Amino acid sequence: MQVFGAELTQDSHFQDHLDHAIPVQVYRMGNHVDIGWIKDFDQHAVLIGDTLYKRSAYVFTSRPGY
């Protein structure tokens, strides 16, 4: 399980957040873009809400307690 602010990089990190409904914060080039719950993911992208984010273009951090 990731701690507050930890970067999600591995499939297991995304799976933990999906399984336990832990919110994820999304950044692009250091700027906050979105926050929400993972609906689905694969090796290339993460679906948060109704938006699909390319894993190589964004940074995802754990946001428990949101």
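The values are calculated or read from the model by the stated rules, or taken from the named source; none is laboratory data. Quick caveat: nothing in here was measured; it's all calculated off a predicted structure. Glycine also receives a Cβ, built like all others from the backbone with ideal geometry; neighbour counts cover every protein chain displayed. Please note that ligands, DNA and RNA were not included when accessible areas were found on the heavy atoms of the full protein model with its side chains. Shrake-Rupley method; radii C 1.70, N 1.55, O 1.52, S 1.80 Å.
What's the FRET efficiency of Asp11 with His32 using the Cβ-Cβ distance as r and R₀ = 22 Å, to the nearest 0.05? List each step's numbers first, then the result.
Numbers: r = 24 Å, r/R0 = 1.08.
Once rounded, the FRET efficiency stands at 0.40.
Give the dimensionless ratio obtained when the Cα radius of gyration of the chain is divided by 2.2 N^0.38 Å. All intermediate terms of the calculation are to be shown ahead of the outcome.
On the way: Rg = 10.2 Å, N = 66, 2.2 N^0.38 = 10.8 Å.
Ratio of Rg to 2.2 N^0.38 Å for the chain: 0.94.
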>> Tell me which of Leu52, Leu18, Met29 sits at the most positive position along the dipole axis of the chain, charges placed on C-beta atoms (Lys, Arg +1; Asp, Glu -1).
In response: Met29
>> Taking the solvent-accessible surface of protein heavy atoms with a 1.4 Å probe, what is the per residue accessible area of the chain in Å²?
In response: 62
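Per 0.36 nm of contour for each residue apart, how much would the distance between His44 and His20 grow if the chain were fully extended, relative to their Cα-Cα spacing? Please report the intermediate quantities before stating the final value.
Numbers: separation 24, 0.36 × 24 = 8.64 nm, distance 2.12 nm.
So the extension gain works out to 6.5 nm.
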> What relative contact order, as a whole-number percentage, does the range 1-50 give when Cα pairs under 8 Å and 6 or more residues apart are counted?
Replying inline: 25
